[in-house]
Amino acid sequence: MKASAKKVIRQRSAWLASMFGCAAFLLMAVKLYNVSLSSLASNLVIVLFMLVIIVGAAAALGWVIARVRMRRK
């Protein structure tokens with residue numbers, strides 16, 4: 001196996017370990033601290049909405065910068 005392939009596998013397994021850790025933490029919050037699933041779902045929706053706003057603003061800013069650069073040429 002090439003060195004780059006080993007690096008990809010190592011990164012993928014680190015990502016999987018992170019996802020399992022996050023899932024375990026959320027399960028612990030639901031089971032031990034009686035956090036409702038509706039609360040978790042509403043927080044997820046809020047986070048996704050904010051992410052869409054941030055990515056949209058970044059895309060709009062990139063578009064404006066590209067237009068300004070084209071105008072200068």
Checklist line | Tilt relative to the chain, helix 37-72 - C-alpha long axis, 0 to 90 degrees, to 10 | finding: 10 degrees
Next item on the list: Rounded to the nearest 10 degrees, what's the angle between the helix 3-32 long axis and the longest principal axis of the chain, both from Cα atoms, 0 to 90?
Entry: 50 degrees
Notebook entry, point to check: So what's the net charge close to residue 64: Lys and Arg +1, Asp and Glu -1, counting the other residues with Cβ under 15 Å from its Cβ?
Noted result: +4
Checklist line | Structure-derived Rg/Rh (Cα atoms, Kirkwood Rh) - corresponding label in (1) 1.70; (2) 1.02; (3) 1.24 | finding: (3)
Note to self: Just to be sure I understand the model, the point goes 7 Å from the Cα along the line to the Cβ. What's the resulting residue 15 to residue 72 distance in nm?
What the structure shows: 3.5 nm
Note to self: Quick check for me: using +1 on Lys/Arg Cβ and -1 on Asp/Glu Cβ, what's the dipole size of the chain about its Cα centre, in debye to the nearest 20?
What the structure shows: 780 debye
Notebook entry, point to check: When the helices in the chain are scored as -39500 (n - 2.57) per DSSP H run of 4 or longer and the sum is shared across all residues, what 222 nm value do you end up with, to the nearest 500 deg cm²/dmol?
Noted result: -33000 deg cm²/dmol
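Every number here is computed from the coordinates shown, using simple stated rules; none is lab data. Note that the coordinates shown come from a computational prediction; the quantities given were computed from them, not determined experimentally. No Cβ is skipped: glycine too gets one built from the backbone with ideal geometry, and neighbour counts run over all protein chains shown.
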